[in-house]
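Notes for the one structure printed next.
Laboratory data are not the source of any read-out in this text; all were calculated from the coordinates shown. Note that the coordinates shown come from a computational prediction; the quantities given were computed from them, not determined experimentally. Cβ placement follows ideal geometry from the backbone for every residue including glycine, while neighbour counts extend to all protein chains displayed.
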Amino acid sequence: AKASGRNGLRFFDKGMQCRVNKRAALDRDFRKALQAGEFVLHYQPQVDQSGQMIGVEALVRWRHPHRGLLYPSEFMWIAEDSNLIVELGDWVLGQACRQMALWQRRAGRPVPGISVNVSARQFHHPEFLPRTIDVLRAAGVDPRSLKLELTESTLVDRIDDTVAKMDTLKSWGVRFSLDDFGTGYSSLAYLKRLPIDEVKIDRSFIQDILCNQDDAAISQTIISLCQILGLNVMAEGIENESQRDLLAKQGCKYYQGYLMGRPVPPELL
Ligand code: C2E
Ligand code: CA
Ligand code: CA
Ligand code: CA
C-alpha cells in the first residue's frame with residue numbers, strides 16, 4: 001500500500017510539474033519576446049464629426065517568429081495574472097510616447113493625440129506614477145497629448161487611491177477615458193466621482209445598434225448622460241455609415257472603427 005501511495009503521489013507530482021513547466025515556458029517565451037522586440041504597436045484613428053483625426057489608439061500585437069502576427073486575444077492571457085502585464089504595459093506606454101514624439105515633429109500631418117490602454121495591475125502598481133512621468137519626459141511628449149484608457153473594474157478598485165492617482169496625472173495634463181463602458185459593473189455614481197474626460201461606448205452596443213432597439217436605447221442613454229455630466233463620448237467599433245449616422249443623430253461626437261480606419265503600423269498612418 002505504501003508503494004502504490006508513493007507511486008500515486010509521484011504520478012500526481014508529475015502532472016503538476018508538467019503544468020508548472022508549461023506555464024514557466026510560456027512566461028519565459030513571453031519575456032524573451034519582450035526583450036527581442038517582437039511586440040509592436042498598431043494605431044487606429046479616432047475622428048470627430050467632420051472626419052478630422054483627433055487622435056489614435058495604440059493596440060499591441062506580437063510579431064511571433066513562427067506563428068505570425070498575434071492579436072491581444074491570443075496572448076494577453078499569458079501575461080494577465082502576472083507581472084508580465086506590467087512589463088508589457090511599461091513597454092507599450094514608452095513605445096507609444098516615442099512614436100508620438102516622432103509624429104509631433106513630423107511636418108504636415110502631425111497626430112494630435114494618443115490613447116493608451118492601461119491594465120489594472122499596471123495602474124495600481126506603486127511605480128505607475130513615477131514611470132509615467134519619466135516616460136513622458138524621456139520622450140519629450142506633452143502630457144496633454146496622452147490619454148489613458150482604463151476600464152471600470154480597474155477604477156472602482158480602491159477608489160480613493162485611484163482618484164488621487166488620477167488627479168496627480170491630470171494635474172500634469174494627462175487625460176482619461178473610461179473604456180468598454182456599459183460592459184462591467186457600471187455605476188453612475190462612479191461616473192460623477194471619477195475625474196474622467198471621456199467615455200467609450202463598447203463595440204458590443206454598436207454592433208447591432210441599427211436592428212436592436214435595446215442597444216440603440218443604451219447608447220442614447222450613455223450619450224445623454226455624458227452630455228449632462230460634461231463628458232466626451234467616443235463610440236468604438238463603427239463599421240458602416242448607417243451606424244455612424246445614427247450615433248451622430250444621438251449626439252455622439254467622436255468615432256472609432258473600421259469605417260474610419262483599421263489599426264495599422266505607424267508608417268501607414
Ligand atoms: P479595446 O481597448 O476595446 O480596443 C478595441 C478593439 O476593437 C481592438 O481590438 C480593435 O482592433 C477592435 N476594433 C476597432 N474597430 C473595430 C471595428 O470596427 N470592428 C471590429 N470588429 N473590431 C474593431 P484588438 O486590437 O484585438 O484589442 C483587443 C483588446 O485588447 C482591446 O480592446 C484592449 O482591451 C486589449 N489591448 C490591446 N492593446 C493593449 C495594450 O497595449 N495594453 C492593454 N492593457 N490592453 C490592450
Ligand atoms: Ca481601448
Ligand atoms: Ca471594447
Ligand atoms: Ca478595452
Rg in Å to one decimal, and Dmax rounded to a whole Å, for the chain via C-alpha atoms:
21.3, 81
Give me the extension gain from Asp142 to Cys211: residue separation times 0.36 nm, minus the current Cα-Cα distance, reported in nm with one decimal.
20.6 nm
Whats the longest run of the chain with zero chymotrypsin sites (Phe, Trp or Tyr not before Pro) that are DSSP loop and have at most 16 other Cβ atoms within 10 Å?
1-184
Cα extents of region 143-200 along the three principal axes, largest first (Å)
29, 22, 16
Tabulate in residue order the Karplus-calculated ³J(HN,Hα) for region 50-66, using 6.51 cos²θ - 1.76 cosθ + 1.60 with θ = phi - 60°, rounded to whole Hz; enter x for Gly and Pro.
7, x, 5, 5, 9, x, 9, 9, 7, 10, 7, 9, 10, 7, 6, x, 10
Note the full-extension length gain between Arg105 and Ser224 as 0.36 nm times their separation in residues minus their Cα-Cα distance, in nm to one decimal.
39.1 nm
When N is the residue count of region 67-108, what does its C-alpha Rg come to as a fraction of 2.2 N^0.38 Å?
1.54
Given a Förster radius of 51 Å and the C-beta distance between Asp27 and Met260 as r, what FRET efficiency does 1/(1 + (r/R0)^6) yield to the nearest 0.05?
0.90
Take every Cα-Cα pair in region 97-193 and report what % of them are more than 15 Å apart.
63 percent
Helix 128-139 sits off the longest principal axis of the Cα atoms of the chain, rounded to the nearest 10 on a 0 to 90 degree scale, by 70 degrees
Amide proton proximity set for Val199, modelled H, under 5 Å, gap of 5+
Leu178, Asn232, Val233, Met234
If you take the charge dipole of region 121-229 about its Cα centre, with +1 on Lys and Arg Cβ and -1 on Asp and Glu Cβ, which of Ser187, Ile222, Ala138 is farthest toward its positive end?
Ala138
Taking amide H positions as placed in the peptide plane 1.01 Å from N, state which residues far from Glu239 in sequence (5 or more) or on other chains have amide H under 5 Å from it.
Leu259
Per residue convex hull volume, Cα atoms of region 150-240, in Å³
90 Å³
So if we plug the beta-carbon distance of Gln52 and Lys14 into 1/(1 + (r/R0)^6) with R0 = 51 Å, what FRET efficiency do we get, rounded to 0.05?
0.25
Can you sort Ser177, Ser242 by how many other beta carbons sit within 10 Å, fewest first?
Ser242, Ser177
HN-Hα couplings for region 94-99 via Karplus (6.51, -1.76, 1.60; θ = phi - 60°), in whole Hz with x for Gly/Pro, come out as x, 5, 4, 5, 5, 5
Which of the lysines could be linked to Lys192 by a straight reach, that is with a Cα gap under 17 Å, when you skip same-chain ones fewer than 8 residues away?
Lys165, Lys170, Lys200
May I ask you to evaluate 6.51 cos²θ - 1.76 cosθ + 1.60, the Karplus curve with θ = phi - 60°, for each residue of region 33-42 and list the ³J(HN,Hα) values in order in whole Hz, giving x for glycine and proline?
4, 5, 5, 7, x, 7, 8, 9, 10, 10
What does the extension gain come out to for Lys192 and Asn240, with contour length at 0.36 nm per residue minus their alpha carbon separation?
14.1 nm
Lys249 to Leu69: FRET efficiency via 1/(1 + (r/R0)^6), r the Cβ-Cβ distance, R0 45 Å, to the nearest 0.05?
0.75
